[in-house]
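Student: Let me give you the structure first, and then I'll get to my questions.
Derivation of every value follows stated rules applied to the coordinates shown; laboratory data play no part. Worth saying up front: this structure is predicted, and the values here are computed from it rather than measured. Please note: Cβ atoms are built from the backbone with ideal geometry, for glycine as well, and neighbour counts cover all protein chains shown.
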Amino acid sequence: MAVRRLDPVLVDRIAAGEVVERPAAAVKELVENALDAGAGSIEVVVEAGGRRLIRVTDDGAGMGAEDLALAVERHATSKLPTGDLFAIDTLGFRGEALPSIGSVGRLSIVTRAEGEPNGWEIVVDGGLKGPVRPAAARRGTRVEVRDLFLTTPARLKFLKTDRAEAQAVAEAVKRLAMAHPAVRFTVAGEHLTPIDLPAEGKGPGALLRRLGRLLGPDFAPNACPIEATREGITLQGFAGLPTYHRGTAAHIHCTVNGRPIRDKLILGAVRAAYMDFLPSDRHPALVIAIGCDPRAVDVNVHPAKTEVRFRDPGLVRGLVVGALKEALTRAGHRAATTGGARTLDALRRTLPPPGPILAAPPAPVRAPPAASSFSGWQAPFAPAGTGLGEGGQARLPDLAAPSADARAALAEPEPEALDQPLGAARAQIHENYIIAQTRDGLVIVDQHAAHERLVYERLKRERAASGIARQLLLIPEVVDLDPADADQLAAHAGTLESLGLVVEGFGPGAVAVREVPAALAGGDIKTLVRDVADALAEWGQAAALEARLDHVLATMACHGSVRSGRRLRPEEMNALLREMEVTPHSGQCNHGRPTYVELKLADIERLFGRR
């Protein structure tokens with residue numbers, strides 16, 4: 001078969017297949033052009049999900065007649081003034097967007113440059129370019145795309161519903177809006193809730209205000225600022241608390257020199273930074289902006305410009321991981337504020353609807369609590385031997401009789417304890433949850449989850465400093481295992497010793513434990529060893545274990561923490577609260593669950609109709 005040169009219109013349509021796979025991609029290209037033109041305000045309107053109409057209007061620099069004629073030609077661009085492909089400091093650079101869009105639809109551009117007496121217009125219909133004509137226009141550019149994919153109807157079969165395509169358009173604009181908070185964005189059209197994002201100015205405060213409008217009002221109070229610099233690469237943004245997590249990775253946003261990207265390197269770095277804090281099926285919410293010399297990153301590796309390649313990927317990955325971990329450490333014991341809202345919602349669902357007050361049935365006689373359980377407690381009134389009160393009226397149930405250990409409430413809390421972030425312990429209920437009082441609300445703490453995180457952080461600090469402190473067992477603990485698991489433990493005895501767990505073979509199918517981490521003394525050693533053996537069996541090689549030492553420590557910490565069902569004295573509960581306040585990451589346990597929820601007094605009063 002003979003080789004032939006393709007028709008220019010066909011070439012444009014082939015290019016459009018890479019650049020404009022759906023209406024959202026066309027909108028992205030047009031909005032990027034507006035941003036490169038210095039626009040301070042950008043308006044986007046779509047119909048039928050962008051298939052029938054896309055209109056992007058900006059107040060940027062605009063173009064003259066000669067520039068407009070060249071703008072719809074392939075490989076013609078104003079964004080490479082020196083022709084250096086390694087110094088690209090704009091969002092668009094390929095020189096294919098406008099001719100590609102014009103080849104698969106009806107493209108109309110009306111523009112006017114600063115100082116021009118009039119504007120200019122050009123129309124490209126299915127790849128056929130019309131002449132440049134004078135037109136009435138204000139400063140800036142208006143681009144209209146009608147009947148997208150008119151010349152490639154097969155592409156229409158692969159589009160989703162108009163609503164889904166419209167939502168994709170809105171998402172594309174939102175990502176660009178996050179990267180450029182100083183620009184006003186408006187989005188309107190069918191199947192869309194109108195979006196109007198005012199210009200926020202510059203600086204971290206402007207970015208946080210823009211993120212609050214895009215990610216919801218809960219993001220700002222649950223985010224930590226990020227700021228780091230290393231070898232000419234800067235990193236700024238906001239990272240959501242680990243307990244403020246999401247079901248998908250769609251809430252991880254990253255920009256490089258103002259360009260929104262979805263890069264595997266960045267996603268991997270984010271997962272590594274949050275590995276200690278999130279359940280395996282949950283993802284963080286965060287926004288990070290990377291700035292660097294254009295020569296340090298290749299933005300020309302993907303037709304849709306959604307991926308980049310860094311000259312030193314290890315440097316970038318280390319910067320992202322380190323900055324995120326430092327930000328989460330600075331957050332200290334903070335947990336997501338949404339935990340209290342979820343608790344109140346759950347309480348509201350369980351409250352009965354308002355209705356008439358019915359006479360209560362006679363209450364059963366309840367014996368007073370044993371003195372050994374509630375030493376010093378006395379009921380305000382003693383239960384009578386009958387279920388009726390004076391006048392034969394039905395008696396109210398004895399609400400004064402407690403159903404849990406209330407010993408923490410016997411003494412009046414210290415005023416300075418009430419001013420602490422987690423307050424003063426007042427009670428322990430169901431032998432697992434600590435109720436603490438603050439100046440303006442109450443805190444409910446899961447004692448096992450909280451102590452598990454505290455032990456884990458202590459073990460990590462010891463390992464990083466001088467090695468984990470060990471305690472010699474007076475009598476070695478012999479643990480029976482599957483022979484393969486016993487051999488696996490013996491083979492990695494050196495690695496386990498660095499974690500404070502000293503084991504040695506004790507015949508076929510058994511190991512002897514001679515030393516354990518001091519923080520785990522008194523724990524269930526047999527269960528601990530079996531869980532560690534399971535981890536070794538899962539990862540197999542020592543190299544994999546070395547990479548997951550923190551996970552092994554987390555397994556150990558679970559067995560050394562205060563167990564559910566253990567009663568704590570008031571001083572023990574308060575000591576646990578104070579240690580949580582000074583321990584980083586204590587707002588979530590090793591499995592990513594929150595260790596406490598806080599309820600504000602005003603919210604509780606509204607729950608009972610007091611406000």
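Student: List every residue whose amide H lies under 5 Å from the amide H of residue 470, counting only residues 5 or more places away in sequence or on a different chain, with H placed 1.01 Å from N in the peptide plane.
Tutor: Long-range HN contacts for residue 470: 518.
Student: Continuing with the same structure: Mean projection of the alpha-carbon convex hull of the stretch 109-227 over all orientations, in nm²?
Tutor: Approximately 10.9 nm², given one-decimal rounding.
Student: A further question on this structure: Can you work out the Karplus-derived ³J(HN,Hα) for every residue in the stretch 213-222? Use 6.51 cos²θ - 1.76 cosθ + 1.60 with θ = phi - 60°, whole Hz, and x for glycine or proline.
Tutor: Coupling constants for the stretch 213-222: 6, 8, 9, x, x, 6, 5, 4, x, 10 Hz.
Student: Got a sec to turn the phi values of the stretch 322-332 into Karplus ³J(HN,Hα) couplings, 6.51 cos²θ - 1.76 cosθ + 1.60 with θ = phi - 60°, whole Hz, x for Gly and Pro?
Tutor: Per residue, the Karplus-derived 3J(HN,Hα) values read x, 5, 5, 5, 5, 5, 5, 5, 4, 5, x Hz.
Student: Label point 7 Å out from residue 52 along Cα-to-Cβ: which residues of the stretch 99-136 have amide N under 12 Å?
Tutor: Within reach of a label on residue 52, which here means backbone N under 12 Å from a point 7 Å along Cα→Cβ, the stretch 99-136 contributes nothing.
Student: Once label points are set 7 Å from the Cα along Cα→Cβ at both residue 567 and residue 7, what is their separation, rounded to one decimal in nm?
Tutor: 8.9
Student: Largest first and in whole Å, give the semi-axes of the stretch 8-197's equivalent ellipsoid, each being the square root of 5 times a Cα gyration tensor eigenvalue.
Tutor: Square roots of five times the eigenvalues give 23, 20, 17 Å.
Student: Going by how many other beta carbons lie within 10 Å of each one, how would you line up 174, 202, fewest first?
Tutor: 202, 174
Student: Work out how much length residue 70 to residue 160 would gain on full extension: take 0.36 nm times their residue separation and subtract the Cα-Cα distance, in nm to one decimal.
Tutor: Once the chain is fully extended between residue 70 and residue 160, it gains 29.1 nm.
Student: Set the Förster radius R0 to 22 Å, insert the Cβ-Cβ distance between residue 465 and residue 591 as r into 1/(1 + (r/R0)^6), and round the FRET efficiency to 0.05.
Tutor: Efficiency, rounded to the nearest 0.05: 0.30.
Student: With a bin width of 10 angstrom, please list the P(r) values of the stretch 204-330 as percents of all Cα-Cα pairs, from the 0 bin to the one holding the largest distance.
Tutor: Cα pair-distance distribution for the stretch 204-330, in percent: 13, 47, 33, 7.
Student: Okay, moving on. What is the spin-label model distance, in nm, from residue 311 to residue 21 if the labels are put 7 Å beyond Cα along the C-beta direction?
Tutor: Computed distance between label sites residue 311 and residue 21 equals 3.0 nm.
Student: Assuming R0 = 25 Å, what is the FRET efficiency of residue 521 and residue 575, from their Cβ-Cβ distance, to the nearest 0.05?
Tutor: Result of the calculation: an efficiency of 0.90.
Student: Lysines within cross-link reach of residue 325: Cα-Cα under 18 Å, excluding same-chain residues under 8 positions apart?
Tutor: Candidates past the 8-residue exclusion: 460.
Student: Using 7 Å Cα-to-Cβ label points, what is the residue 128/residue 601 separation (nm, one decimal)?
Tutor: The two pseudo-label positions are separated by 7.8 nm.
Student: Then there is this: For residue 429 and residue 493, what is the calculated FRET efficiency with R₀ set at 41 Å and r taken between the beta-carbons, to the nearest 0.05?
Tutor: The computed FRET efficiency comes out at 0.40.
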